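The values are calculated or read from the model by the stated rules, or taken from the named source; none is laboratory data. Bear in mind the structure is a predicted one, so any value in this text is a computation, not a measurement. Heads up, the Cβs are rebuilt from the backbone with ideal geometry, glycines too, and the neighbour counts pull from every protein chain shown. Calculation scope for accessible area: heavy atoms of the full protein, side chains included, ligands and nucleic acids excluded. Shrake-Rupley method; radii C 1.70, N 1.55, O 1.52, S 1.80 Å.
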Amino acid sequence: MDYLKSVVPSQLIAERGSNLVVINPGSANIRIGLASQDAPFNVPHCIARYTNQIPKRNVQDQMLNSQVTTAQHMERERAYDVIASLLKIPFLDEEVANSSFPRKMGRVDGHGMHNGKKDTVFSWTDVHERNPTSPVAVESSSSKDVNHEPLNQCVDTDSKELTSSVIKYKQFICGEDALKISPSEPYCLHRPIRRGHLNISQQYPTQQVLEDLHVIWDWILIEKLHIPHSERNLYSAILVVPETFDNREIKEMLTIVLRDLRFGSAVVHQEGLAAVFGNGLSSACVVNVGAQVTTVICIEDGVALPATAKTLPFGGEDLSRCLLWTQRHHQTWPPICTDILSKPVDLLMLNRLKESYCEIREGEVDAVAVVHSYEEGTPPGSHKTRLTALNVPPMGLFFPMLLVPDVYPPPPRAWFHDYEDMLEETWQTEYSRRPDVPDNVYPGVNVNYPMWDSYPVYATKPKKEEKVGLAEAIASSILLTGRIDLQRKLFLSIQLVGGVALTRGIIPAMEERVLHAIPSNEAIDTVEVLQSRINPSFVSWKGGAIIGVLDFGRDAWIHREDWINSGIFTGSGRKYKDSYYLQAQAMCYMNS
């Protein structure tokens, strides 16, 4: 402890962080890097695999239902009009030309245009293995910006055998390159995590999901961090997991880290607590707006309060989908085929448009932007257009009926037969057993989160809150603490993390909406959202790095041999202790 009091934090991180790899997996992106780095690699969490199946599917999870019912459509239009009233813009079906409200045009040479310039040099990913001795392969790899036709269409029968022996497809492609594969190429995109859970379905079995996770993470470790298999045992892994993951999912990820990726040891921490460490706080209401799911949890003096946890089934990608719907309704979107489910590159484009142009402020917010089309059989095209109502999509966080989340099937119920809780001591959890269900098939204390309505809810776990807006979820979470002194403290310490936190105007809007959501009989009259000290997209990753460096005792660390040989089981002295109960001394050090 004397050393900790005297050492400079940067020196401690440099000393202990050089062999610590922090892994923060998310639905859309994975943040991974050495604890000694200032920022992680932020890689799209997906893999495209070569396929020879006919008919070919471009995306693995095609069971997603993107059809909007009549009732949902009416709710969406009502939500739009409520938002329009708040923002002082015309209602959905009002003619913009007849509006007396002044227009605010975004500058063409602003931040958004910079992203547009990057996109204008777009080229499809080269999917062929490069063979420097082959002139055919060299020619193929040098013409990346041309749509590749399938081999059986671009060669005649006599040359098929020769060409196939020269040109070879890559078996898999990871990260952003996987999102930029031409639809005409024989690849199928897999996203192993969706809406905060492993993306298991009848079309995407458990073993394939876990194998894809392993391949993606291994590829990043080799290509980005340059850590070969032979040296992995010299490194330890810090797994920073979202609150949405349940016990079985955490165990499977630990198995990937320790058995498949061959790390010497590993520890698990939760995103909410890591976010507090990342910003050097001791208490906060952490609001983590991810790409596909949003979580809220309260932290008091370095201890997470599980009963305050809320999970909402929407995130940044839903705002991007809403942006597309808004433009199509106002007929400002170019006449192109934009399909974010079957063409991942379209979602990539929409995300960048949202990040560049969407903001929250009163009055009409328009901007001139470059929209790209990626049609099969033609080169990518650019369309300069005027986007309108750019302040509406971000307000979907507070009015989720505007977003109409995709519906998708849950994983098989039997997959959750696991009663050992990886995130708290089992003896501290009380739950009732149904007499008609045998012990060996009872799902026990598994976390029950929004997307799976058919699973039982236990009093020890947070109740689902699917149809409330973010402001109501925050107010409800803080009020669940039950102490007025702590409530006042947390309402003044709301911490917003995730990429959506960079949206211009979101902080004052959130403060206003949360204050409005507090019941009138509560003695709370002030709300404050804290500015993040670092990039809010990486706060949880950075906090995981800090926790790993400060957790020098390593009582909670799991060693590779222990996990592979016998696992970590109830009664074991090495059973994982969750970050709920981290000693306060590390937090005191952070704030000193």
| Is it the case that some residue within segment 170-186 is more than 28 Å from A545 (Cα to Cα), among the polar types (S, T, N, Q) and open to solvent by less than 20 Å² (accessible area, probe 1.4 Å)? | yes
| note | Within segment 354-407, the count of residues that are of a type in the set (S, T, Y) and farther than 21 Å from V121 by Cα comes to 1
| task | Starting from segment 229-244, take each residue that is under 18 Å from E561 (Cβ atoms) and free of Cβ contacts under 8 Å to residues at least 60 places away in the same chain and list its partners that are among the aromatic types (F, W, Y) and open to solvent by less than 20 Å² (accessible area, probe 1.4 Å), counting only C-beta distances under 8 angstrom and pairs at least six apart or across chains. | result | R232/F263
| remark: How many residues of segment 251-277 are assigned to a helix (DSSP H, G or I), open to solvent by less than 10 Å² (accessible area, probe 1.4 Å) and either touching a Lys or Arg at 6+ places or on another chain (Cβ under 8 Å) or closer than 16 Å to G302 by Cβ (or both)? The answer is 7
| task | Hey, could you check segment 285-344 for residues that are part of a strand (DSSP E or B) and among the charged types (D, E, K, R) and say which is surrounded by the fewest Cβ atoms within 10 Å (Cβ to Cβ)? | result | E300
| Just a yes or no: is a residue in segment 475-493 closer than 24 Å to L87 by Cα, out of contact with any strand residue (DSSP E or B) (no Cβ under 7 Å at 6 or more places or on another chain) and not in a strand (DSSP E or B)? | yes
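Can you tell me which residues in segment 194-212 are free of Cβ contacts under 8 Å to residues at least 12 places away in the same chain and buried (at least 16 other Cβ atoms within 10 Å of the Cβ)?
Within segment 194-212, the subset free of Cβ contacts under 8 Å to residues at least 12 places away in the same chain is 205, 207, 211.
Scanning segment 194-212 gives a single hit, E211.
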| said: Need the failing condition index for R248 against (1) open to solvent by 10 Å² or more (accessible area, probe 1.4 Å); (2) modelled with pLDDT of 95 or more, just the number. | reply: (2)
| message | Of all residues being assigned to a loop (DSSP other than H, G, I, E, B) and among the aliphatic types (A, V, I, L, M) in segment 55-85, which is modelled with the highest pLDDT? Just the residue, please. | response | V68
| Which of the residues spanning segment 345-390 are touching a Ser or Thr at 6+ places or on another chain (Cβ under 6 Å), assigned to a loop (DSSP other than H, G, I, E, B) and at pLDDT below 95? | E376
| said: Given the criteria crowded, with 20+ Cβ neighbours inside 10 Å, farther than 23 Å from K251 by Cα, among the aliphatic types (A, V, I, L, M) and touching a residue at least 24 places away in the same chain (Cβ under 8 Å), does V539 qualify? | reply: yes
| query | Residues in segment 371-385 that are in contact (Cβ under 8 Å) with a residue 40 or more places away in the chain and closer than 30 Å to P186 by Cβ: how many? | reply | 10
| field | Within segment 22-63, tally of residues that are within 19 Å of the chain's Cα centre (by Cα) and surrounded by 15 or more Cβ atoms within 10 Å (Cβ to Cβ) | value | 24
